[in-house]
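Enquirer: Let me give you the structure first, and then I'll get to my questions.
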């Protein structure tokens, strides 16, 4: 049984699943079907990830690019809040844009963080190709950083 099916069975039984940090809260506990106990233990991390993903929804319509107004809103939120959480359809992943150390500490687990400087390097002069973005993102997921290079390929 996978995490999605477990959550479905819990909800059918009248159990409300919630995430509290790294804990899975199921209430009322008395309604948890006994045959799901072992499945819940085995798939706890997947259940937590699914519940965490469900807290974030698309703000902009499906198949619609963000308008200049929406991009301005994201930029303003980055300036005022220090961190903006987004879902990237291109990368099929959760990403966070942050500014400064204060913004970085606000990035929840499971989001791939991009600093304001990294965004400038990626988008400042020209937009990178989709493939380059995917490669950069995979490197970021492994702890990589976006750095500026000069015309000879040296790091600046």
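The numbers here are math on the coordinates, done by the rules we state, and not lab data. Everything numeric in this text was worked out from a predicted model, so none of it was measured. Virtual Cβ from ideal backbone geometry, glycine too; neighbours counted across all protein chains shown.
Enquirer: Calculate, for residue 90 and residue 4, the FRET efficiency according to 1/(1 + (r/R0)^6) with r their C-beta to C-beta distance and R0 25 Å; round to the nearest 0.05.
Expert: 0.60
Enquirer: Give the span of region 3-54's Cα atoms along each principal axis, as three whole-Å numbers ordered largest to smallest.
Expert: 24, 18, 16
Enquirer: Quick check: from the Cα gyration tensor, does region 68-141 come out rounded (a/c under 1.5), prolate or oblate?
Expert: It comes out oblate by the Cα gyration axes.
Enquirer: Then there's this: Between residue 75 and residue 37, what is the spin-label point distance in nm, taking each point 7 Å from the Cα along the Cα→C-beta axis?
Expert: About 5.7 nm, to one decimal.
Enquirer: Sticking with this one: Less than 11 Å from a label point 7 Å out along the Cα-to-Cβ axis of residue 49: which backbone N atoms in region 106-132 qualify, by residue?
Expert: 110
Enquirer: Now, a different point. Output the peptides 94-100, 75-81, 139-145 sorted from most to least packed, where packing is the average of other Cβ atoms within 10 Å over each peptide's residues.
Expert: 94-100, 75-81, 139-145
Enquirer: If each of residue 122 and residue 23 carries a label point 7 Å out from its Cα toward its Cβ, how far apart are those two points in nm?
Expert: Using points 7 Å along Cα→Cβ, the separation is 3.5 nm.
Enquirer: Report the extension gain between residue 68 and residue 16 in nm, rounded to one decimal, defined as 0.36 nm multiplied by the number of residues separating them, less their alpha carbon distance.
Expert: Computed gain between residue 68 and residue 16 is 14.8 nm.
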